[in-house]
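Bear in mind that the values in this text are calculations on the coordinates, not laboratory data. This one's a predicted model, so the numbers in the text were calculated from it and none came from an experiment. Using ideal geometry, Cβ is built from the backbone for each residue, glycine included, and neighbour counts are taken over all protein chains shown.
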Amino acid sequence: MQKRTLGNSGLDVSAIGLGCMGLSFGYGPATEKQQAITLIRTAYERGVTFFDSAEAYGPYKNEELLGEALAPFRDKVVIATKFGFDFNAEGGQSGLNSRPQHIRNVAEAALKRLNTDVIDLFYQHRVDPAVPIEDVAGTVKDLIAEGKVKHFGLSEAGSQTIRRAHAVQPVTALQSEYSLWWREPEDDILPVLEELGIGFVPFSPLGKGFLTGAINAQTTFDASDYRNTVPRFSTEARSANQALVDLLGTIAADKTVTPAQIALAWLLAQKPWIVPIPGTTKLNRLEENIGAATVILSADDRAAIEDAVSAVTIQGARYSAEHQARINR
Ligand SMILES: NC(=O)c1ccc[n+]([C@@H]2O[C@H](COP(=O)([O-])OP(=O)(O)OC[C@H]3O[C@@H](n4cnc5c(N)ncnc54)[C@H](OP(=O)(O)O)[C@@H]3O)[C@@H](O)[C@H]2O)c1
C-alpha cells in the first residue's frame, strides 16, 4: 500500500490504517482472540502498517491484543495508543485524568501491555480541563526525551488547545471524527492542522458502519453496543439518513466499487496528510477497506459526492450529551 506522512516530524504510515477498537470494545462482544490476531496479522500482510488502540479499549485488553498480534513484526509497524481516563473496578470510565504522573504511569503500563519498548504515537484521548494542555504536552515531551514515546497526538481537541500543545511539543497527529456525515473539522480544524503541519487521522471514517450500507433502520445492535446510545443511530435517524447511503450507493455502483470504498477514498482525496483508520472484525471487509487506497475519485465523482451530501440533512447528534461535553475543548 502507498504510504502517507503524518506531521512535520515525519511519521510514515500506510495510507489506510486499522482501527482496532471494535475487536475488544464498543461494538458488542469482543472478537475471539485467535480470530482477532489473524485479522491484525492479515492487515499487516496486506500492507497496513498503522494500528490504532487505546488504554480505554477494553480497558487494557486491546493493547494486550496488539502486543501479541504485532510482536512478530513490531519494528515494521506504527502503534498508536491513548491515555486520559480513570477506570473503576468494573472497567468503566470514571473520569478524565491527564495529570502528569498519571500519563507517566499509563505510558509504563501501556509499554508492558503492548509488549514493546516504545510507543510510536501517544495521543491524549480527550482534553482534560483540569490539567493545562502545556503540562500534558510537557509530560509527553519528557517521555519522548526518555525514548519511551516517539510522537505526540491529540484527539477531539479544539483549535486553541492544538496551538497551545504544539507550542510546547510538536503534535504529529490529531485524531477526531471526520467522514461524509461529520464534516465539522473542515470549518476550523483542518486549516489549523495545515498551517502547523499536523497530520489528521479521521476516526469512524465509515460513520461507525452506517455509510457502508450494511446498517439500516431495521438493524438491531447487541445490548452492549455503544451505538445504542448515539442519537444518530436511533431508528428514526437511521430512516432519515438512509437517503445519503442510497445516493452514495449509486455513485459506488457506477464506479464498480463499494460505498465503504467511496467513503474512504473521499477522505484520502481531501488532503495528502489524512490517514483514515476504519475498523472491522471481518477479513472480507478488511480487504474491501484496504482496496479503497487504490480508488481514484475524479473531479466529477467528487462533485457527485458533494451533491449527494448536500441533498440530505443528516438527523441525530453524533454523541450523547455526556460525550458531547468532552469534545472540542
Ligand atoms: N479517538 C477516539 O475518540 C475514537 C473514537 C472512536 C473510534 N476511534 C478509532 O477509530 C477506529 C475506527 O472507528 P469506528 O470503529 O468507530 O468506526 P468505523 O471505522 O467508521 O466503522 C466501524 C464499523 O463499520 C463496520 N464495517 C467496517 N468495514 C465495513 C465494510 N467494508 N462494510 C460494512 N461494514 C463495515 C464494522 O463492523 P464489522 O466489525 O462487523 O465489520 C464496525 O461496526 C476505531 O477502531 C478506533 O481505533 C477513536
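The range 146-178: which trypsin sites (Lys or Arg not before Pro) are DSSP loop and have at most 14 other beta-carbon atoms within 10 angstrom?
On the way: sites: Lys148, Lys150, Arg163, Arg164; in loops: Lys148.
Filter output for the range 146-178: empty list.
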*Taking neighbour Cβ counts within 10 Å as the exposure measure, how do Leu23, Leu65, Leu39 sort from fewest upward?*
Leu39, Leu65, Leu23
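Where both partners of a DSSP beta bridge lie in the chain, what percent of those bridges are antiparallel, to the nearest 5? Don't skip to the end; give the middle numbers.
On the way: 9 of 34 bridges.
Rounded to the nearest five, the antiparallel share is 25 percent.
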*Under Stokes-Einstein, with the Kirkwood radius over Cα pairs standing in for Rh, what whole-number D in µm²/s applies to the range 144-253 at 25 °C and 0.890 mPa s?*
152 µm²/s
*By how many degrees, between 0 and 90 and to the nearest 10, does the Cα long axis of helix 159-168 differ from the longest principal axis of the chain?*
30 degrees
*Report the net charge of residues surrounding Asn289, where surrounding means a beta-carbon distance below 11 angstrom and charges are Lys +1, Arg +1, Asp -1, Glu -1.*
+1
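Within the range 78-145, list the GluC sites (Glu not before Pro) lying in a DSSP loop whose Cβ has at most 13 other Cβ atoms in a 10 Å radius. The partial results should precede the final answer.
Working: sites: Glu90, Glu108, Glu134; in loops: Glu90.
Those satisfying the criteria are Glu90.
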*Of the options Ala265, Tyr226, Leu70, report the single residue whose Cα projects farthest towards the positive end of the charge dipole of the chain (beta-carbon charges: Lys, Arg +1; Asp, Glu -1).*
Leu70
*asked:* Rounding to the nearest 10 and keeping the result within 0 to 90°, find how far the Cα-based axis of helix 61-70 lies from the longest principal axis of the chain.
replied: 90 degrees
*Sequence-distant residues sharing a close amide H with Ile215 (under 5 Å, placed H)*: none
*Equivalent-ellipsoid semi-axes (√(5λ), Cα gyration tensor) for the chain, whole Å, largest first?*
29, 21, 21
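When the helix-only estimate is applied to the chain (DSSP H runs of n ≥ 4, each -39,500 (n - 2.57), divided by the residue count), what is the mean residue ellipticity at 222 nm, nearest 500 deg cm²/dmol? If you can, show how the numbers build up before the last one.
Numbers: 11 runs with 126 residues, N = 329.
Per the formula, -11500 deg cm²/dmol.
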*Straight-line reach from Lys61: which lysines have a Cα under 25 Å away, not including same-chain ones fewer than 8 places off?*
Lys33, Lys76, Lys82, Lys112, Lys148, Lys150, Lys208, Lys282
*Using a cut-off of 14 Å between alpha-carbon atoms, which aspartates and glutamates can reach Lys271, once sequence neighbours fewer than 8 places away in the same chain are excluded?*
Glu186, Glu194, Glu195
*Counting alpha carbon pairs within less than 8 Å and at least 6 residues apart, what relative contact order, in whole percent, applies to the chain?*
20 percent
